[in-house]
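The values are calculated or read from the model by the stated rules, or taken from the named source; none is laboratory data. Source: prediction; values computed, not measured. Cβ coordinates were reconstructed from backbone atoms using ideal geometry, including for glycine residues, and neighbour counts include every protein chain displayed.
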Amino acid sequence: MIRLSFAALLLSAAPALAFPVTVKSCDRDVTFDTAPTRAISNDVNLTEMMLVLGLADRMVGYTGISGWKTLDAEMREGVAELPELSAKYPTKEVLAGAEADFFFAGWNYGMKVGGEVTPETLSPLGIQTYELTESCIHIGAKAKSSMDDMYNDILNLGTIFGVSDKATALVDGYKTHLAKVTAGVDRSNPLRVFVYDSGEEAPFTAGKYAMPTALIEAAGGMNIMDDLEKSWAEIGWEAVVERNPQVVVIVNYGDVTAEQKIAFMKESPAFASIDAVKNDRFVVLEYVEATPGPRNIKAVEKLVAGFAE
């Protein structure tokens, strides 16, 4: 009995031996003395990263989903036991009121530069923050968007919560699946692709640092706005017409459906000369597929199929 109790004690203590751990979060080194136990995530894609790592029992809720998006069946099941603490961006009071010890968010994914909720404003409340890698461009320089942005977040969350083995296995699986999905892709003449998120007067689209640029390149295409030194930004339609995309990727969420966005482009005389419109070449990605998260590989698979048509 003594041996079993001692062994059990060692086993239960083992995860704690890995701490403290330090991860890079944008331009900060963040050290965790212990794994968070009262975490909150913002937005559907960040929340899904937490769920695939099996961290629902370390969470006290999530924020920033129902104010813009509808959860699909998979996500509804995953967060069934968790409350949504704020339909849109949370306030400091909401996070403090939940007695959170960790906030997984990003710039324009739950936090705004100069806003009331930032790593600096949350720290005095005992809340540590990890920032979504894709969003780091809002506060400093970063490399062009790549699949490594998503992999990096999964691996860092694994380190923070003491589940590195699971995180590594997930990322290895994603890389293997991606290699299979893209094995037959011809990259010699990339298709010109435009990402249409929203907006009729002026389109909101993905630039150099947004995840769709990486997804499109993985699938053998080229984002026509990959020289836009932004992640997500509003541009003019003139640039779209001039660059003549062969495929338009629609990001589906919000009050305007993907079908309505497609109809708007097909019915407008201003876009009649665009190859994608003339040839009816549209690929629809759900918001949770087009933003960094576990469904990015499925998104590439959709794009590969859509580009081959």
Residues satisfying the stated conditions in segment 208-234, i.e. over 15 Å from the mean Cα position of the chain (by Cα), assigned to a loop (DSSP other than H, G, I, E, B) and either of a type in the set (Gly, Ala, Ser) or surrounded by fewer than 17 Cβ atoms within 10 Å (Cβ to Cβ) (or both): Ala219, Gly220, Asp227, Glu229, Lys230
Please go through (1) within 16 Å of the chain's Cα centre (by Cα); (2) buried (at least 16 other Cβ atoms within 10 Å of the Cβ) for Pro119 and return the number of the only condition it doesn't satisfy. (1)
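Residue-by-condition table, conditions (1) modelled with pLDDT under 95; (2) more than 16 Å from Asp153 (Cβ to Cβ); (3) not assigned by TED's automatic domain parsing to the domain that holds Asp149:
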| position | (1), (2), (3) |
| --- | --- |
| Arg3 | yes, yes, yes |
| Pro15 | yes, yes, no |
| Val23 | no, no, no |
| Phe32 | no, no, no |
| Thr37 | no, yes, no |
| Asp43 | no, no, no |
| Trp68 | yes, yes, no |
| Asp72 | yes, yes, no |
For residues that are polar (S, T, N, Q) and either touching a residue at least 60 places away in the same chain (Cβ under 8 Å) or not in a loop (DSSP other than H, G, I, E, B) (or both), tally how many sit in segment 71-111. 2
Would you please name the residue that is farthest from Tyr62 (Cα to Cα), looking only at residues in segment 122-141 that are out of contact with any Ser or Thr (no Cβ under 8 Å at 6 or more places or on another chain) and either buried (at least 18 other Cβ atoms within 10 Å of the Cβ) or hydrophobic (A, V, I, L, M, F, W, C) (or both)? Ala141
May I ask you to list the residues in segment 112-157 that are closer than 30 Å to Glu217 by Cβ, assigned to a helix (DSSP H, G or I) and among the hydroxyl-bearing types (Ser, Thr, Tyr)? Thr133, Ser135, Tyr151
If I filter segment 188-197 for residues that are assigned to a loop (DSSP other than H, G, I, E, B), modelled with pLDDT under 95 and over 21 Å from the mean Cα position of the chain (by Cα), do I get at least one hit? yes
Scanning segment 257-278 residue by residue, those over 20 Å from Met225 (Cβ atoms) and part of a loop (DSSP other than H, G, I, E, B) turn out to be Thr257, Ala272
Condition test on Leu170, is it touching an Asp or Glu at 6+ places or on another chain (Cβ under 9 Å), at pLDDT 95 or above and crowded, with 17+ Cβ neighbours inside 10 Å? no
Please go through segment 290-309 and pick out each residue that is in a helix (DSSP H, G or I) and in contact (Cβ under 8 Å) with a residue 24 or more places away in the chain. Ala290, Asn296, Ile297, Ala299, Val300, Glu301, Leu303, Val304, Gly306, Phe307
If you take the residues in segment 112-126 that are of a type in the set (D, E, K, R) and without any contact (Cβ under 8 Å) to a residue 24 or more places away in the chain, which one is nearest to Leu157 (Cα to Cα)? Glu120
Residue tally, condition over 14 Å from Pro245 (Cα atoms) and without any contact (Cβ under 8 Å) to a residue 40 or more places away in the chain, over segment 271-288: 1
Do we have Gly61 as surrounded by 17 or more Cβ atoms within 10 Å (Cβ to Cβ), within 23 Å of Arg28 (Cβ to Cβ) and in contact with a strand residue (DSSP E or B) (Cβ under 7 Å, 6 or more places away or on another chain) here? no
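Is it fair to say Gly199 is small (Gly, Ala, Ser), touching a strand residue (DSSP E or B) at 6+ places or on another chain (Cβ under 7 Å) and touching a residue at least 12 places away in the same chain (Cβ under 8 Å)? Walk me through how you get there before you give the answer.
Details: small (Gly, Ala, Ser): yes; touching a strand residue (DSSP E or B) at 6+ places or on another chain (Cβ under 7 Å): yes; touching a residue at least 12 places away in the same chain (Cβ under 8 Å): yes.
The answer is yes for Gly199.
So which of Ala233, Ala276 ends up being modelled with pLDDT of 95 or more, touching a Phe, Trp or Tyr at 6+ places or on another chain (Cβ under 8 Å) and closer than 30 Å to Met50 by Cα?
Ala233
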